[in-house]
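Note sheet for the following structure.
The values are calculated or read from the model by the stated rules, or taken from the named source; none is laboratory data. It should be emphasised that the depicted structure is a prediction, and the values quoted were computed from it without experimental measurement. Cβ: placed from backbone, ideal geometry, glycine included. Neighbour counts: every protein chain shown.
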């Protein structure tokens with residue numbers, strides 16, 4: 001009997017699946033030593049991952065000059081996004097402090113990645129987040145890292161305040177009209193001409209909006225390639241540094257974790273240091289400009305410390321230019337105006353203002369309420385759009401839209417075309433009067449200076 005023998009070909013073993021491995025690196029400052037450490041971290045992890053036989057290189061995510069107490073780091077967020085997309089199996093990092101100095105951020109991130117099946121290995125502490133005691137050790141060490149960050153922050157604040165008390169300029173990097181050369185503050189001659197012209201024009205009767213318009217029409221370069229606006233001009237006019245003095249500690253950071261900067265309204269002492277650097281204008285000119293600003297403020301009924309934020313902040317959108325409306329408080333009323341109109345004038349956006357009481361009344365009606373409720377508004381309304389004058393469109397978070405039309409009670413709504421033409425002519429005459437013969441020489445200097453700035457601007 002013939003036996004039947006079946007020849008079996010041995011199966012070829014499957015190649016083991018490669019693990020997608022990424023790394024995260026971070027340095028908090030742009031110092032030379034820090035940047036060297038940054039480059040070293042990136043090179044080390046790139047080489048380590050690519051040389052490991054069981055790993056597939058998924059990239060090195062690196063944040064430079066960003067604090068570890070905040071999760072809003074571009075590369076850190078990109079790393080998390082790729083983890084959620086299933087592109088990464090293992091994350092390598094140097095230490096807990098490089099990954100996060102905030103205990104809450106660290107634990108929330110590690111727990112999320114653990115739920116996704118992604119391990120995080122902290123080399124310095126030799127901890128795997130997926131291990132049995134990993135979270136316990138991370139909690140203890142992360143708390144220590146956060147406390148270390150708090151201590152460093154307090155020491156930095158103490159050093160800065162001691163320098164303030166001594167009348168020293170701290171962290172002054174750039175300012176229109178000046179340049180920093182080897183730690184010394186020097187006047188930028190061409191930009192200084194612009195600064196003097198702005199102050200003199202303001203004293204001659206031009207407003208911030210008109211000054212900004214003249215600068216834009218003259219193609220005068222602004223700081224960091226920006227555009228001249230009324231806000232920029234106003235900020236320049238009230239900056240005491242142009243008189244060679246410095247008001248120190250105008251702002252402060254109240255929270256070392258979130259690093260929110262707040263205006264100093266008396267919480268901490270301020271220090272007024274005189275003669276800290278070369279002056280572009282005289283102290284007398286600066287004092288005159290400040291006095292004129294205060295007179296204009298009082299004449300217009302503007303409260304000095306009026307709040308600029310409310311429940312409507314960054315909620316009202318102008319359909320004409322796409323910018324948000326801003327709050328403006330006067331002696332007679334509180335109203336919301338398009339930010340483009342406020343900073344650049346009606347030539348760029350002619351959207352009309354909306355009184356705040358009108359906003360509240362119509363918001364309540366759109367929500368089906370007899371009285372405006374801030375909590376309900378925040379909970380239901382996504383945004384308010386202003387397509388045209390006297391129209392408000394309330395966009396709900398569930399996608400619904402409701403249009404409201406309100407009646408303007410202002411006298412201007414009853415103006416005839418002839419009345420508007422006469423008002424425009426009066427405004428033109430006032431403007432031409434401000435540009436008198438005594439000011440024409442300054443404008444000529446401004447134009448000549450502008451040409452030099454435009455020629456040299458690309459080289460700076």
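Observations
- Helices (runs of 4 or more DSSP H) (entirely within segment 1-113) containing at least 2 residues that are within 19 Å of residue 139 (Cα to Cα) and modelled with pLDDT of 75 or more: 96-99
- Breaking point among (1) closer than 30 Å to residue 382 by Cα; (2) modelled with pLDDT of 80 or more, for residue 283: (1)
- Residue within segment 124-132 that is touching a strand residue (DSSP E or B) at 6+ places or on another chain (Cβ under 6 Å), at pLDDT 85 or above and under 30 Å from residue 242 (Cβ atoms) present: no
- Taking the listed residues 335, 365, the one that is touching a strand residue (DSSP E or B) at 6+ places or on another chain (Cβ under 9 Å), free of Cβ contacts under 8 Å to residues at least 60 places away in the same chain and more than 23 Å from residue 320 (Cβ to Cβ) is 365, with no other qualifying.
- Filter result for the condition that a residue is modelled with pLDDT under 90 and buried (at least 19 other Cβ atoms within 10 Å of the Cβ), over 340, 332: 340
- Residue within segment 152-166 that is surrounded by 13 or more Cβ atoms within 10 Å (Cβ to Cβ), in contact with a helix residue (DSSP H, G or I) (Cβ under 9 Å, 6 or more places away or on another chain) and either under 23 Å from residue 48 (Cβ atoms) or at pLDDT below 70 (or both) present: no
- Some residue of segment 272-280 being under 25 Å from residue 344 (Cα atoms), modelled with pLDDT of 70 or more and buried (at least 17 other Cβ atoms within 10 Å of the Cβ): no
- Single unsatisfied condition, residue 117 versus (1) under 31 Å from the mean Cα position of the chain (by Cα); (2) part of a loop (DSSP other than H, G, I, E, B); (3) modelled with pLDDT of 90 or more: (1)
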